[in-house]
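A.B. asks: Encoded as structure tokens, here's the structure I'll be asking about.
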Amino acid sequence: MRVAVLHDHLRFIGGGERVALTLAAAFDADLYVTDLDPTLPERAGMRTVRAREIARVPRSPPMRQDRQARAFREVAIPDHDVYILSGNWAVFAAPRFRPNVWYCHTPVRVFYDLHDSILASLPGVRRWAARRWIDRRRPEYETAVAAVQVVVANSRNVADRIERFLRRKAEVVYPPVDTSRYRFGHVGDSWLAVSRLSHEKRLQLLVETFRRLPRERLVVVGGPQLGLDANRLIRSLDPPANVEFVGEIEEAKLLDRYATCRGLVATSEDEDFGLTPVEAMAAGKAVVAVDEGGYRETIVPGETGWLVPPTAAALASAISSTTVADLERMRASCERRAAAFDTRIFVDGMRTIVRSAVEGADGTK
């Protein structure tokens, strides 16, 4: 079975990029992306993946998203038996490539659930321009989605969004975590946050939480959303001395951070799924997270962490009440919970769905 995987871009390592690479490796597929960093598959531990760049696109939104959508709408790809679309803009290939399966990380959030909050964060002229762009692009996006034959959501939370905003039913297959790569070292002195620097990640909430906890330390790992100036964003947050932003780091160093941190703190707004809590649990580390979104599907309160209201006071109270004994006691439960999201389970689920899509297409010929 010849499989093509289409993903928005492959410039940095995030949750969506791991999914695309895992799919390409599992199906021995050809991976088509914009903005390919050719070193990234090897850095992600999947050096055998055949990744091909279909376009270079601008760094700044919305030109970036427009060019990505056009690239996937117009790309010439050799015939394959099935096309797996991953991400927001690869879905624009759906009308031309069949049979197709869309692995949806979330409907475009600025079009739907984060529409008002993102617009409110922009200055007047940019807000006007963004609103006009949304009004033009959202119908085009919905037309592309209508051409998808099989929709797969990365969580029940996202499946609910798909039904609410796009009026489509979706099967749920949780994203993969290679749990064998993670290890428990010790319960360290520093809390960890692994997060892209972007609007929905609530970085201000992270900073304000640890401003209340001068005796605790937080290390934030992650690069900026494309088009953002990381240094300017960090300066605007005015982090206290006990909060350190270290940017994107090598995989081996990230694994070390998980192994030796105190625990993970996760604050994203209505997170789609959230790979980082599962990664932390695979390393035997408990998670303090806001009681929203995909975090509710992975964290077991009192066993693998805590779910609290999205306020600095609530997060600070939960963090300050933990003890080393509590965190060590949770290790085994965390590791067991992470095993439920292992890569093998993801691959098995996607194989079943993709095989069914191909057999269904054969039956209609």
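The values are calculated or read from the model by the stated rules, or taken from the named source; none is laboratory data. Predicted, not measured: the structure shown is a model, and the values here were computed from it. Backbone-built Cβ (ideal geometry, glycine too); neighbour counts: all protein chains shown.
A.B. asks: Would you be able to say whether some residue in the range 285-299 is over 21 Å from the mean Cα position of the chain (by Cα), of a type in the set (D, E, K, R), outside the structural domain of GLU17 (by TED's automatic domain parsing) and surrounded by fewer than 23 Cβ atoms within 10 Å (Cβ to Cβ)? Give the steps one after another, and end with the answer.
C.D. replies: Initially, the range 285-299 is screened for residues over 21 Å from the mean Cα position of the chain (by Cα), giving none.
Within the range 285-299, not a single residue is over 21 Å from the mean Cα position of the chain (by Cα), of a type in the set (D, E, K, R), outside the structural domain of GLU17 (by TED's automatic domain parsing) and surrounded by fewer than 23 Cβ atoms within 10 Å (Cβ to Cβ).
A.B. asks: Hey, among VAL145, VAL125, VAL101, which residue is touching a strand residue (DSSP E or B) at 6+ places or on another chain (Cβ under 8 Å) and assigned to a helix (DSSP H, G or I)? Spell out the reasoning first.
C.D. replies: Working: VAL125 fails: touching a strand residue (DSSP E or B) at 6+ places or on another chain (Cβ under 8 Å); VAL101 fails: assigned to a helix (DSSP H, G or I).
VAL145 is the lone residue from the list that is touching a strand residue (DSSP E or B) at 6+ places or on another chain (Cβ under 8 Å) and assigned to a helix (DSSP H, G or I).
A.B. asks: If you don't mind, another one. Quick one: ALA51 ticks every box in (1) at pLDDT below 95; (2) within 21 Å of the chain's Cα centre (by Cα) except a single one, so which number is it?
C.D. replies: Answer for ALA51: the failing condition is (1).
A.B. asks: Looking only at helices (runs of 4 or more DSSP H) that lie completely in the range 218-317, which have at least 2 residues being within 23 Å of GLU328 (Cα to Cα)? Before the answer, list the steps.
C.D. replies: On the way: elements: 230-237, 251-260, 275-282, 295-298.
Hits in the range 218-317: 251-260, 275-282, 295-298.
A.B. asks: Find the residue count for the range 318-328, including only residues that are assigned to a helix (DSSP H, G or I) and either closer than 18 Å to THR260 by Cβ or touching a strand residue (DSSP E or B) at 6+ places or on another chain (Cβ under 8 Å) (or both).
C.D. replies: Of the residues in the range 318-328, the ones assigned to a helix (DSSP H, G or I) are 318-321, 324-328.
Subset that is either closer than 18 Å to THR260 by Cβ or touching a strand residue (DSSP E or B) at 6+ places or on another chain (Cβ under 8 Å) (or both): 318-319, 324-328.
Qualifying residue count, the range 318-328: 7.
A.B. asks: With respect to VAL158, determine if the residue is outside any strand (DSSP E or B) and at pLDDT 95 or above.
C.D. replies: On the way: outside any strand (DSSP E or B): yes; at pLDDT 95 or above: yes.
Yes: the conditions hold for VAL158.
A.B. asks: Can I ask one more? Spot the failing condition for SER236; the list is (1) in contact with a strand residue (DSSP E or B) (Cβ under 6 Å, 6 or more places away or on another chain); (2) hydroxyl-bearing (Ser, Thr, Tyr); (3) modelled with pLDDT under 95, and only one is missed.
C.D. replies: Of (1) in contact with a strand residue (DSSP E or B) (Cβ under 6 Å, 6 or more places away or on another chain); (2) hydroxyl-bearing (Ser, Thr, Tyr); (3) modelled with pLDDT under 95, only one is false for SER236: (1).
A.B. asks: Of the residues ALA325, ALA282, ALA312, ALA318, which single one is modelled with pLDDT of 95 or more and under 30 Å from MET46 (Cα atoms)?
C.D. replies: On the way: ALA325 fails: under 30 Å from MET46 (Cα atoms); ALA312 fails: under 30 Å from MET46 (Cα atoms); ALA318 fails: under 30 Å from MET46 (Cα atoms).
Going through ALA325, ALA282, ALA312, ALA318 in turn, just one is modelled with pLDDT of 95 or more and under 30 Å from MET46 (Cα atoms): ALA282.
A.B. asks: Name the single residue that is farthest from SER268 (Cα to Cα) among those in the range 109-130 being surrounded by 13 or more Cβ atoms within 10 Å (Cβ to Cβ) and charged (D, E, K, R). Full working, then the answer.
C.D. replies: Step one: of the range 109-130, the residues surrounded by 13 or more Cβ atoms within 10 Å (Cβ to Cβ) are 109-115, 117-119, 122, 127, 130.
Still in the running and charged (D, E, K, R): 109, 113, 127.
Values: ARG109: 13, ASP113: 13, ARG127: 22 Å.
Among those that are surrounded by 13 or more Cβ atoms within 10 Å (Cβ to Cβ) and charged (D, E, K, R), it is ARG127.
A.B. asks: Considering the range 316-360 alone, what residues qualify as being surrounded by 15 or more Cβ atoms within 10 Å (Cβ to Cβ) and of a type in the set (Lys, Arg)?
C.D. replies: ARG331, ARG337
A.B. asks: Here is a check on your reading of the model: is PHE346 within 16 Å of the chain's Cα centre (by Cα), touching a residue at least 24 places away in the same chain (Cβ under 8 Å) and part of a loop (DSSP other than H, G, I, E, B)?
C.D. replies: Numbers: within 16 Å of the chain's Cα centre (by Cα): yes; touching a residue at least 24 places away in the same chain (Cβ under 8 Å): yes; part of a loop (DSSP other than H, G, I, E, B): no.
Against the criterion (within 16 Å of the chain's Cα centre (by Cα), touching a residue at least 24 places away in the same chain (Cβ under 8 Å) and part of a loop (DSSP other than H, G, I, E, B)), PHE346 does not qualify.
A.B. asks: Ok, one more. Restricting attention to the range 118-127, does a residue exist that is of a type in the set (Val, Ile, Thr), over 30 Å from ALA29 (Cβ atoms) and touching an Asp or Glu at 6+ places or on another chain (Cβ under 9 Å)?
C.D. replies: Taking every residue of the range 118-127 in turn, at least one turns out to be of a type in the set (Val, Ile, Thr), over 30 Å from ALA29 (Cβ atoms) and touching an Asp or Glu at 6+ places or on another chain (Cβ under 9 Å).
A.B. asks: Still on this structure, I have one more. Filter the range 76-98 down to the residues that are among the small types (Gly, Ala, Ser) and not in a loop (DSSP other than H, G, I, E, B), then identify the one that is surrounded by the most Cβ atoms within 10 Å (Cβ to Cβ). Break it down stepwise before answering.
C.D. replies: If we filter the range 76-98 for residues that are among the small types (Gly, Ala, Ser), which is where we start, we get 76, 86-87, 90, 93-94.
This time we only want the ones that are not in a loop (DSSP other than H, G, I, E, B), so: 86, 90, 93.
Working: SER86: 27, ALA90: 30, ALA93: 26.
Only one residue fits best here, namely ALA90.
A.B. asks: When the residues of the range 222-257 are narrowed to those that are small (Gly, Ala, Ser) and under 28 Å from ARG64 (Cβ atoms), which ends up surrounded by the most Cβ atoms within 10 Å (Cβ to Cβ)?
C.D. replies: Step one: filter the range 222-257 for residues small (Gly, Ala, Ser), giving 222-223, 227, 230, 236, 241, 247, 252.
Now drop any that are not under 28 Å from ARG64 (Cβ atoms), which leaves 222-223, 227, 230, 236, 247.
Numbers: GLY222: 24, GLY223: 19, GLY227: 14, ALA230: 15, SER236: 11, GLY247: 13.
By that ranking, first place goes to GLY222.
A.B. asks: Just to be sure I understand, how many residues within the range 255-269 are within 20 Å of GLU17 (Cα to Cα) and within 16 Å of the chain's Cα centre (by Cα)?
C.D. replies: From the range 255-269, those within 20 Å of GLU17 (Cα to Cα) are 255, 258, 266, 268; that's our starting set.
Checking which are within 16 Å of the chain's Cα centre (by Cα) leaves us with 266, 268.
Residues meeting the conditions: 2.
A.B. asks: Could you pull out every one of the strands (runs of 3 or more DSSP E) wholly within the range 1-75 that has 2 or more residues that are out of contact with any Pro (no Cβ under 8 Å at 6 or more places or on another chain) and farther than 27 Å from TYR174 by Cβ?
C.D. replies: On the way: elements: 3-10, 30-36, 50-55.
Where strands (runs of 3 or more DSSP E) fall fully within the range 1-75 and carry at least 2 residues being out of contact with any Pro (no Cβ under 8 Å at 6 or more places or on another chain) and farther than 27 Å from TYR174 by Cβ, they are 50-55.
A.B. asks: Of all the residues that make up the range 79-122, how many are at pLDDT 95 or above and among the small types (Gly, Ala, Ser)?
C.D. replies: Within the range 79-122, residues that are at pLDDT 95 or above and among the small types (Gly, Ala, Ser) number 4.
A.B. asks: Is it the case that VAL265 is of a type in the set (A, V, I, L, M), over 14 Å from GLY15 (Cβ atoms), modelled with pLDDT of 95 or more and surrounded by fewer than 24 Cβ atoms within 10 Å (Cβ to Cβ)? Break it down into steps so the answer makes sense when it comes.
C.D. replies: Numbers: of a type in the set (A, V, I, L, M): yes; over 14 Å from GLY15 (Cβ atoms): yes; modelled with pLDDT of 95 or more: yes; surrounded by fewer than 24 Cβ atoms within 10 Å (Cβ to Cβ): no.
No: the conditions fail for VAL265.
A.B. asks: Of all residues in the range 196-206, which are closer than 16 Å to PRO224 by Cα and in a helix (DSSP H, G or I)? Even if it seems obvious, please write down each step before you answer.
C.D. replies: In the first step, residues of the range 196-206 are kept if they are closer than 16 Å to PRO224 by Cα; the result is 196-204, 206.
Within the range 196-206, HIS199, GLU200, LYS201, LEU203, GLN204, LEU206 meet the criteria.
A.B. asks: Okay, next question. May I ask you to verify whether PRO214 is part of a loop (DSSP other than H, G, I, E, B), crowded, with 18+ Cβ neighbours inside 10 Å and either more than 20 Å from the chain's Cα centre (by Cα) or not assigned by TED's automatic domain parsing to the domain that holds ILE319 (or both)? Outline the logic, then answer.
C.D. replies: Working: part of a loop (DSSP other than H, G, I, E, B): yes; crowded, with 18+ Cβ neighbours inside 10 Å: no; either more than 20 Å from the chain's Cα centre (by Cα) or not assigned by TED's automatic domain parsing to the domain that holds ILE319 (or both): yes.
No: the conditions fail for PRO214.
A.B. asks: Output the residues belonging to the range 167-195 that are in contact with a Leu (Cβ under 9 Å, 6 or more places away or on another chain), in a strand (DSSP E or B) and of a type outside the set (S, T, N, Q). Full working, then the answer.
C.D. replies: Within the range 167-195, the first condition is being in contact with a Leu (Cβ under 9 Å, 6 or more places away or on another chain), and the residues that meet it are 175-177, 181-183, 187, 190-195.
Subsequent filtering for residues that are in a strand (DSSP E or B) retains 177, 190-194.
VAL177, TRP191, LEU192, ALA193, VAL194, listed by residue number.
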